[in-house]
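Reading through the structure tokens given below for one structure.
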Amino acid sequence: MGLFSRKKTRQAEEVDFSNLPRHIAIILDGNGRWAQKRGLPRTAGHAAGAETFRRVATYCKDIGLEYLTVYAFSTENWKRPPQEVETIMSLLEKYLYEAIERMERDKVKMEFFGDVSVLSPKLRDLIARTREISRHYEGCQVNICLNYGGRDELLRAVRTYAEAYRNDAAPELTEENFSRYLYSAGIPDPDLMIRPGGELRQSNFLLWQSAYAEWYFTDTLWPDFTDREIDRAIADYQHRDRRFGGIKV
Ligand code: FPP
């Protein structure tokens with residue numbers, strides 16, 4: 001029993017770095033509980049979560065991951081107390097200021113999924129600058145979902161498609177055509193979706209793109225998330241048998 005569990009643990013953490021998933025998506029969950037457990041305000045949990053994001057994104061870049069997408073603020077998160085929303089927005093501002101300074105060195109591309117038109121002028125300006133700088137880079141791409149909701153994304157795509165062909169005959173609507181109207185246009189679907197924080201739900205995240213993603217759930221709260229935990233998730237993924245609806249031949 002002891003030997004079995006040791007072996008299992010070792011196998012579970014061994015990553016084949018020559019065969020990584022191309023795209024990992026993460027729901028950043030558990031910040032509030034992390035803070036409450038320490039008798040701190042929830043906002044302290046978000047500050048810790050932003051640091052964890054910085055660390056994990058750097059690790060993902062260093063191991064050669066192509067795409068990392070994180071769910072930072074959903075279309076439903078506006079329901080939170082205004083002070084909490086403000087803190088998250090100012091953490092994002094701080095993060096983007098610093099990221100812009102380091103982009104030259106890090107060569108990380110950044111994109112944003114979601115309706116950013118309703119964000120503050122300062123944030124919108126930072127997003128525009130980050131996007132502009134990113135156009136010159138080829139490396140790891142980090143997508144931050146901000147004011148993002150999967151259903152909202154699908155409705156917007158349908159509306160834009162209908163509008164685009166209001167006066168012309170529309171081409172056949174295939175999955176491939178339709179994907180071009182999503183925030184994720186041109187980006188491969190996530191292979192691995194990670195949800196820390198112990199909840200077992202999708203929460204309106206990448207509804208279309210996650211059709212064949214492998215999920216990894218863990219009780220670890222997001223601020224406690226480490227590079228080892230990323231390794232564990234990747235190793236776990238590498239032991240899955242992805243059949244995409246087919247059968248193993
Ligand atoms: C969910 O945890 C987390 C959020 C709604 C906000 C995530 C935002 C950040 C980490 C800050 C900035 C992000 C970046 C990318 C720099 P929760 O509050 O729902 O936690 P709980 O379930 O424990 O209450």
Quiz item: Cβ under 12 Å from residue 230's Cβ, residue 230 left aside: what net charge do those residues give with Lys, Arg +1 and Asp, Glu -1?
Solution: -2
Quiz item: Amide H neighbours of residue 72 under 5 Å, counting only residues 5+ apart in sequence or on other chains, H built in-plane at 1.01 Å?
Solution: 145
Quiz item: Which number do you get for Rg(Cα) / (2.2 N^0.38 Å) in region 83-137?
Solution: 1.13
Quiz item: Taking the Cα centre of each part, how many Å lie between region 54-124 and region 17-44?
Solution: 13 Å
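Scan the chain and hand back the longest stretch that contains none of the GluC sites (Glu not before Pro) lying in DSSP loops with at most 10 other Cβ atoms within 10 Å. Present the calculation step by step, with values, prior to reporting the outcome.
Details: sites that count: 138, 172.
Free of exposed loop sites, the longest segment is 1-137.
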Quiz prompt | Overall Cα dimensions of region 93-174 - principal axes, largest extent first, Å | solution = 47, 28, 21
Quiz prompt | aspartates and glutamates whose Cα lies under 18 Å from that of residue 107, excluding same-chain neighbours fewer than 8 positions away | solution = 62, 66, 98, 132, 138
Quiz prompt | Among 160, 23, 184 - extreme Cα towards positive end, dipole of the chain, charges at beta-carbon | solution = 23
Quiz prompt | Histogram of C-alpha separations across region 14-152, 10 Å bin width, % | solution = 11, 41, 35, 12, 1
Quiz prompt | Expected 222 nm ellipticity per residue - DSSP helices of 4 or more, -39500 (n - 2.57), all of the chain, to 500 | solution = -14500 deg cm²/dmol
Quiz prompt | Loop trypsin sites (Lys or Arg not before Pro), region 101-164, which have at most 11 other Cβ atoms in a 10 Å radius of their Cβ (DSSP) | solution = 135
Quiz prompt | the chain: Rg to Rh, with Rh as the Kirkwood radius over Cα pairs | solution = 0.98
Self-check item: At R0 = 35 Å, FRET efficiency that the Cβ-Cβ distance of residue 19 and residue 131 yields, to 0.05
Solution: 0.70
Quiz item: What are the radius of gyration and Dmax of region 48-116, computed over its Cα atoms and given in Å?
Solution: 13.1, 38
Practice problem: Work from the charge dipole of the chain (Cβ charges, +1 for Lys and Arg, -1 for Asp and Glu, about the Cα centre) and give the residue of 223, 103, 121 farthest towards its positive end. | Solution: 223
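Considering only DSSP states other than H, G, I, E and B, which chymotrypsin sites (Phe, Trp or Tyr not before Pro) in region 101-198 qualify as loop sites with at most 13 other Cβ atoms within 10 Å?
165
Where a number appears in this text, it was derived from the coordinates with a stated rule and is not lab data. None of these values were measured; they are calculated from a predicted model. Using ideal geometry, Cβ is built from the backbone for each residue, glycine included, and neighbour counts are taken over all protein chains shown.
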